[in-house]
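J.: Shown below is the structure under consideration.
The values are calculated or read from the model by the stated rules, or taken from the named source; none is laboratory data. Here the structure is a predicted model, which is why all the values come from computation and not from measurement. Note that we place each Cβ from the backbone using ideal geometry, even for glycine, and neighbour counts take in every protein chain shown.
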Amino acid sequence: MDFNDYQEAAKRTLYGNEQVLTNCALGLAGESGQVVDLVKSYTFKGKPLDREQLIHEMGDVLWYLSQVAEWANIPFEEVAKKNIETLNKRYPNGFDRRK
């Protein structure tokens, strides 16, 4: 599935027509926090990293992010492409900690 197909399919479950941007931005923050909590529990509490739960929470983050882009009339693929362009400019030879 490409990014734009995902964005279109995800839009089907978007609800409301008032304050959609605010709802999506707050949802993105909340779901990102759940990803952070899973990593924190793994890193600092010695809990096993629940792969399925991580996939679920990352999917929720992806949904909210795609809908912020949808609200702003930005094709999600454009977001991904611009990010790769930025990374390629910033790290033309890939990331190397030794540098």
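J.: Check every one of the helices (runs of 4 or more DSSP H) wholly within the range 9-99 and list those with 1 or more residues that are of a type in the set (Ser, Thr, Tyr) and in contact with a helix residue (DSSP H, G or I) (Cβ under 8 Å, 6 or more places away or on another chain).
T.: Fully inside the range 9-99 and qualifying: 20-45, 51-71.
J.: Does residue 95 qualify as being exposed (fewer than 12 other Cβ atoms within 10 Å of the Cβ) and either among the hydrophobic types (A, V, I, L, M, F, W, C) or closer than 13 Å to residue 7 by Cβ (or both)?
T.: On the way: exposed (fewer than 12 other Cβ atoms within 10 Å of the Cβ): yes; either among the hydrophobic types (A, V, I, L, M, F, W, C) or closer than 13 Å to residue 7 by Cβ (or both): yes.
Yes; evaluated as a whole, the condition is true for this residue.
J.: Can you tell me which of (1) modelled with pLDDT of 95 or more; (2) closer than 23 Å to residue 81 by Cβ is the one residue 1 doesn't meet?
T.: (1)
J.: Scan the range 28-51 for residues that are farther than 16 Å from residue 76 by Cβ, under 16 Å from the mean Cα position of the chain (by Cα) and of a type outside the set (Val, Ile, Thr) and report the count. Walk me through how you get there before you give the answer.
T.: Start the filter on the range 28-51 by keeping residues that are farther than 16 Å from residue 76 by Cβ, which leaves 29-51.
With the extra rule that they be under 16 Å from the mean Cα position of the chain (by Cα), the set shrinks to 29-39.
Checking the rest, the ones that are also of a type outside the set (Val, Ile, Thr) come to 29-34, 37-38.
Total meeting the criteria: 8.
J.: Same structure, new question: Could you check how many residues of the range 1-27 are under 16 Å from residue 73 (Cα atoms) and of a type in the set (Ser, Thr, Tyr)?
T.: 2
J.: Here is a follow-up. Just to be sure I understand the filter: pairs with C-beta atoms under 8 Å, separated by 6 or more residues or on different chains, first member in the range 22-33 and at negative phi, second member assigned to a helix (DSSP H, G or I) and of a type in the set (Val, Ile, Thr). Which pairs pass?
T.: Listed by first residue and then by second, the contacts come to 24/68; 25/68; 28/61; 28/68; 31/61; 32/61.
J.: Suppose we filter the range 42-58 for residues that are surrounded by 13 or more Cβ atoms within 10 Å (Cβ to Cβ) and within 21 Å of residue 12 (Cβ to Cβ); how many remain?
T.: Total meeting the criteria: 3.
J.: Quick one: in the range 26-40, which of the residues that are of a type in the set (A, V, I, L, M, F, W, C) and surrounded by fewer than 16 Cβ atoms within 10 Å (Cβ to Cβ) is nearest to residue 71 (Cα to Cα)?
T.: The selected residue is 26.
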